[in-house]
Every structure is written in C-alpha cells, then in structure tokens.
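Peer 1: Structure provided below as structure tokens; questions to follow.
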Amino acid sequence: MTDAARDGADPEEATSAPPSVSALLGPPPRIAGNRLDWALGAVLLTILALLAIPGEALLGPYIAGLVMKAMILALAAISLDILIGQAGLVSLGHAAFIGLGAYVTGISLEEGLYDATTILALTVAASALFALVTGAISLRTSGVYFIMITLAFGQMLFFAASSLSQYGGDDGLTLWSTSELFGTGILQDDTGLFRVTLTALAGGWLFAGLLAGSRFGRVLRAAREAPIRTETLGFEIFRYRLAAYVIAGVIGGVAGFLLAHQAEFVSPAAAAWQRSGDLIIMVLIGGMGTRSGALLGALAFVALEEGLSLVLHEWRLIFGPLLVLLVLFARGGLVAALARLTHR
C-alpha cells in the first residue's frame, strides 16, 4: 500500500503524483538522535579546532585554504540537508544562495563598504528575501517538479550574475580587500578567517541538530512521510516548509559570505547547478537526515576531489563509480555505515 493510500488519498491521484524524496533518494536513516551521530560531529569539529590553533603554520597556506573550503561547503551542505533530510525537498538550485551571498559580499566591498556586520546583514536579508519569493513559488510543486523549478531559479541567478559586466561578468570579480569585523582585520588574516569559519560551521551544525529535535523538525519529518495526515492534524505544511526553505537559504548565503572572503574572488560558478549537484552528493555521502552526515560528507567529498585530481585530471571518472558503490553497499551514507559497524 502506498503512502498516499495509507493517508486516505485517492488511489488514482496517488498513482499520478510525483515521486517523493524517499522514492528518489531512498529513506533517510533513522539514526538522527543517535549518540554516535552527535559524537561524530563533535570529534570532527574538535579535530578542526585543533588545526585552527597553530593555523597556517602547521597546515601550510594551501592545505589551510583547502580545509577552509571544505568547512564552507560543509556549512552549505548542512543547510541543504535541512531541506532534503528533514523536509524531503530535493533542491537542485541551492548553490544560488551561495552565489547570492558571495556576490552581495563582493559588490559591497567593491562599492567601498567594509564593515563585516553590515555586509553579513545585507547577505542574510538578500538570501531570506530570495528564498521567501522563490520558495513560495517552488513549494506549490513537489517531487521532480520541485527539483526542476529550483534548478530554474538557480540558473536564473547564475545568468543574472553573468550579466553583471560592471562586476566582472563571466570572468568574475577579484576582491582586492576584505571586510573588517568590529574594526579588526580578523577576516583578512588566514588564521582568523579559519577560526571564524569554524565557529560558523559549529554554530550551523548545532543549530541544525537542535532544529531536527524540535517540534518544528518533527512536523517537517511528519509532513515528509505523511503530508495528508499531518495537515489533518492541523499543521499548515506549506508554512513549515517555507520557513525551512528560508532558513536553509540564509545559512547558504552565510556560506557564500565566507566563500568570498576565503577565495577573495566571486564568480557565477558559485551559483552553477553543478555546485548544487555537488552539495546533494555531499549529503548523500554522509547520510541525509543525520546531524553529522552533511559535515562528514563535505569533508570526504573535498578530500576525494583533491586526492583524485592529483592522480587524474578527469577525476570524476573515478569518483562516479565510487559514488555508485557507496549507494549500493553503504545505504544511508557514511554515518549509517559507522552506526552499523559499532552495533556489530
């Protein structure tokens, strides 16, 4: 019996309805409240914190930059997992928020605005507004249709950024200086930026975990599994999903703010659909619907990308089969695989 039939929906309507996230990606592993999940995230963040103590002196500028990039992508992946793992909404345009945050930051600096708190406030406001408008439209659909409309909005922002000829157009915008935080140059120093990025990542990870365990998170998961039944209980699913979409968009915008400072360069590629696909892969590798899956998946993705690229230019030829093997033999991602190993 299908979910729609159990919820009392018309069988013909259930047959023609678009597939859910469970049908597209498989059900999220039921280990979100597992102690292992919390412990894994705490261990990973502790290791990153230990690396932040000596900073660039220990890692070297190249490795430090690579770790910072992984942490920024981990923050973006955590925000996407709020949609995929909790709300059951697969977005193929989530990188638009990273690009939006990066361009708000880059344009602000280009126009002579150097206060980080003001730029961050503008980034949050722009990301929230974009998420509110696009989410209100996208959430009228579901399944494959939702994926395609989010892809369309993401590409719309990608081409909008490409058309900004005064800010580099297709070539992107080089940032000759970065912002000041409370009058200090902490964001201009690699070690300081590393620590700020780590703090943002730890905050995003903790927030996502608390959100998943809250009443709000439980309603999102209930709406994912049984939407009709959830609405019958009096919950307005649309509002909950729209709120989740805005929250995820804002966190993605913050990731874009950090990415602009880390790379000192912004380009339309930050908002490309390929980056959205990478974020989905990160969530799948780690384990969607878990507190630490997106964090672990992003770190593993960047490590594999960098390691394989040293061996072969077309590294995705190797990465693709590895991903297929992961889906076949590590269902639920790395977090679920670790959970199975520890329970043996």
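The rows are residues; the columns are (1) surrounded by 15 or more Cβ atoms within 10 Å (Cβ to Cβ); (2) more than 23 Å from the chain's Cα centre (by Cα).
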| residue | (1), (2) |
| --- | --- |
| 165 | no, yes |
| 175 | yes, yes |
| 216 | yes, no |
| 240 | yes, no |
| 250 | yes, no |
| 261 | yes, no |
| 268 | yes, no |
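Peer 1: Among the helices (runs of 4 or more DSSP H) contained in region 212-292, which hold 2 or more residues that are in contact with a strand residue (DSSP E or B) (Cβ under 8 Å, 6 or more places away or on another chain) and closer than 15 Å to residue 86 by Cα?
Peer 2: none
Peer 1: Then there is this: Would you check if residue 255 is within 12 Å of residue 132 (Cα to Cα) and either open to solvent by less than 40 Å² (accessible area, probe 1.4 Å) or under 18 Å from the mean Cα position of the chain (by Cα) (or both)?
Peer 2: no
Peer 1: Out of 285, 280, which single residue is modelled with pLDDT of 90 or more and on the phi < 0 side of the Ramachandran plot?
Peer 2: Only one candidate passes the filter, namely 280.
Peer 1: Based on this model, can you work out whether residue 206 counts as touching a strand residue (DSSP E or B) at 6+ places or on another chain (Cβ under 6 Å) and in a helix (DSSP H, G or I)?
Peer 2: No; evaluated as a whole, the condition is false for this residue.
Peer 1: Of all the residues that make up region 70-92, how many are more than 16 Å from residue 205 (Cα to Cα) and open to solvent by 10 Å² or more (accessible area, probe 1.4 Å)?
Peer 2: Counting residues in region 70-92 that are more than 16 Å from residue 205 (Cα to Cα) and open to solvent by 10 Å² or more (accessible area, probe 1.4 Å) gives 4.
Peer 1: Report, by residue number, each residue of region 243-266 that is charged (D, E, K, R) and more than 17 Å from residue 176 (Cβ to Cβ).
Peer 2: Across region 243-266, there are no qualifying residues.
Peer 1: Kindly indicate which of 304, 299, 308, 328 is over 24 Å from residue 72 (Cβ atoms) and open to solvent by 20 Å² or more (accessible area, probe 1.4 Å).
Peer 2: The match here is 328.
Peer 1: Open to solvent by less than 30 Å² (accessible area, probe 1.4 Å), free of Cβ contacts under 8 Å to residues at least 12 places away in the same chain and more than 13 Å from the chain's Cα centre (by Cα), is that true of residue 317?
Peer 2: When the stated conditions are applied, residue 317 does not pass them.
The values are calculated or read from the model by the stated rules, or taken from the named source; none is laboratory data. These numbers come from a predicted model, not from an experiment. All Cβ positions, even for glycine, are placed from backbone atoms using ideal geometry, and neighbour counts span all protein chains on display. Areas reflect the complete protein model, heavy atoms only, side chains present, ligands, DNA and RNA absent. Shrake-Rupley method; radii C 1.70, N 1.55, O 1.52, S 1.80 Å.
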